[in-house]
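The values are calculated or read from the model by the stated rules, or taken from the named source; none is laboratory data. From a predicted model like this one, the values you see are computed outputs, not experimental measurements. Here the Cβ positions follow ideal geometry from the backbone for every residue, glycine too, while neighbour counts run over all protein chains shown. With ligands, DNA and RNA removed, areas are computed over all heavy atoms of the protein, side chains included. Shrake-Rupley method; radii C 1.70, N 1.55, O 1.52, S 1.80 Å.
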Amino acid sequence: MRATRRSLAEPLLLIVVIAAASALWVLHARAWDLGGRSPVLSYDPAQYAIAARQLATTGRLTTTFALPIELARHPAPPWPLAVVQPGLVLIEAALFRLAPAHFTLGRRIEASFARPDQIEWLVLMLPLLCTMATAGVLGVAALRLFRRDATDGPAWTRFAGALSVSLVFLLDPESQHFAVGGFTEPPFTLGLAVALAMLAFGTAARRPFAFGLVLGVTGLFRGNM
């Protein structure tokens, strides 16, 4: 019975985390008036989206966005990719290439990605998924640490403690802000959470190559790490 409860605790935690993250994302997007008074692509996300569109259409890591200082040496577009991290550009380019013009269920069109103002919503997919995944990693890691080091007391207290770790992350205003924009912070934070979990459980020492690979992929989303 105890083994069954332990096996169900982590899936239940992840279900609660995904539901909470989805609800908070919708509430924050509505309060932010995303796509209305607040644009989907603000200054920083637009740089990545433009570079990703160039990569998806031309196959080159170039951009039609440039800082004024770059115009003195390279007056005509496209310009070399200089001010953005490559990880987000690669993933957004893949989304732009794979997205169909129309997503249908039966004969009904549920979503369209034919126009630029429609396809820009795809850039929100990765930040939302990474925010959910980060909360899940934090919660599951905390639950396992509590099982290992906090053996006194009933099991529900360990579950509640782990869930609170996830909710603290999801309720943070900055986390919610980055989740509704095409920023590099959500995937970077996910990479750090996975790396810290590997350190906490000794996986980094047992699998140094995997640990280095996680840090390397994480660095693709934040060059100043």
For the range 30-43, the count of residues that are surrounded by fewer than 18 Cβ atoms within 10 Å (Cβ to Cβ) and closer than 11 Å to residue 121 by Cβ equals 1
The condition from (1) in contact (Cβ under 8 Å) with a residue 40 or more places away in the chain; (2) more than 14 Å from residue 181 (Cα to Cα); (3) among the aromatic types (Phe, Trp, Tyr) that residue 48 misses is numbered (2)
The residue from 197, 179, 204 that alone is open to solvent by less than 40 Å² (accessible area, probe 1.4 Å), touching a residue at least 40 places away in the same chain (Cβ under 8 Å) and farther than 30 Å from residue 40 by Cβ is 197
Residue 27: passes all of (1) open to solvent by less than 30 Å² (accessible area, probe 1.4 Å); (2) aliphatic (A, V, I, L, M); (3) more than 27 Å from residue 214 (Cα to Cα) but (1)
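This table checks each residue for (1) farther than 25 Å from residue 171 by Cβ; (2) in a helix (DSSP H, G or I); (3) over 16 Å from the mean Cα position of the chain (by Cα).
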| residue | (1), (2), (3) |
| --- | --- |
| 18 | no, yes, no |
| 49 | yes, yes, no |
| 73 | yes, no, yes |
| 93 | yes, yes, no |
Per the filter on the range 147-187, residues farther than 25 Å from residue 214 by Cα, at pLDDT 90 or above and polar (S, T, N, Q) are 157, 164
Taking residue 190, is it within 20 Å of residue 44 (Cα to Cα), in a helix (DSSP H, G or I) and modelled with pLDDT of 95 or more? yes
Per the list (1) out of contact with any Phe, Trp or Tyr (no Cβ under 8 Å at 6 or more places or on another chain); (2) more than 23 Å from residue 11 (Cβ to Cβ); (3) of a type in the set (Asp, Glu), residue check on residue 149 breaks on (2)
Restricted to the range 159-168 and to residues being open to solvent by 40 Å² or more (accessible area, probe 1.4 Å) and of a type outside the set (A, V, I, L, M), the residue nearest to the chain's Cα centre (by Cα) is 164
Scanning the range 52-79 residue by residue, those touching a Pro at 6+ places or on another chain (Cβ under 9 Å) and surrounded by 12 or more Cβ atoms within 10 Å (Cβ to Cβ) turn out to be 53, 54, 60, 61, 62, 63, 65, 66, 70, 74
Within the range 27-45, the count of residues that are of a type in the set (D, E, K, R), without any contact (Cβ under 8 Å) to a residue 24 or more places away in the chain and part of a helix (DSSP H, G or I) comes to 1
